[in-house]
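Below is one structure, written out as structure tokens; the observations come after it.
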Amino acid sequence: MDLILWRHAEAEVAAEGGDDLSRQLTPKGERQATRMAVWLDRHLPEGTRVLVSPARRTEQTAQALGRKYKLRDELVPESTPEDVLDLVKWHPDTGPQGKGSVLVVGHQPYLGQIVSRLLGMNEAVCPVRKGAVWWLRARMREEQLQTVLMTVASPDLISRAWDDRS
């Protein structure tokens, strides 16, 4: 199973007392989302499930991909890594309980906590840049579960030529 973690792109700063879930992408965030979406669309396997936080900024990020997605309350900013791993059916000790690929569009710190936990890092939270994608794959080697980092992609390193889809 592949678990692809996509942090929402750059968003507006929350107004004091404002609703965090209604924050929208900035123009820079829209460009970041578009760049990553084009890259993802070229690389995602057919049939990838796309699960998205109900926050406006994550939904806008996912919309750039142009694929069907499901909003999931388990992916709100306050979620825990356990909430997310339960949702995608990936147990940290025994691995995923399915095949295929799942793309999660969500937030820090839980995305970084998942990366850190699944890759066995010493840090509790791995920094994940806004708009970046971390692609993880579970595999069995010599009867031992391994999580392999397939790639990390940042919108800052994706060519600006992706800005205009034609």
Members of the range 11-36 that are part of a helix (DSSP H, G or I) and touching a residue at least 40 places away in the same chain (Cβ under 8 Å)
20, 21, 29, 31, 32, 33, 34, 35, 36
Quick test for you: out of 74, 78, pick the one residue that is of a type in the set (Asp, Glu) and touching a Leu at 6+ places or on another chain (Cβ under 7 Å).
74
Determine, yes or no, whether residue 108 is under 21 Å from residue 42 (Cα atoms) and touching a residue at least 40 places away in the same chain (Cβ under 8 Å).
no
Only one of 123, 78, 74 is outside any helix (DSSP H, G or I), of a type outside the set (A, V, I, L, M) and in contact with a helix residue (DSSP H, G or I) (Cβ under 7 Å, 6 or more places away or on another chain); which?
123
Would you confirm whether any residue within the range 86-93 is in contact with a Gly (Cβ under 9 Å, 6 or more places away or on another chain) and free of Cβ contacts under 8 Å to residues at least 12 places away in the same chain?
yes
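Every read-out reported here was derived from the displayed coordinates using simple, explicitly stated rules and does not represent laboratory data. Remember, it's a predicted structure, so these values are computed and weren't measured experimentally. Here the Cβ is made from the backbone with ideal geometry for all residues, glycine too, and neighbour counts use every protein chain on show.
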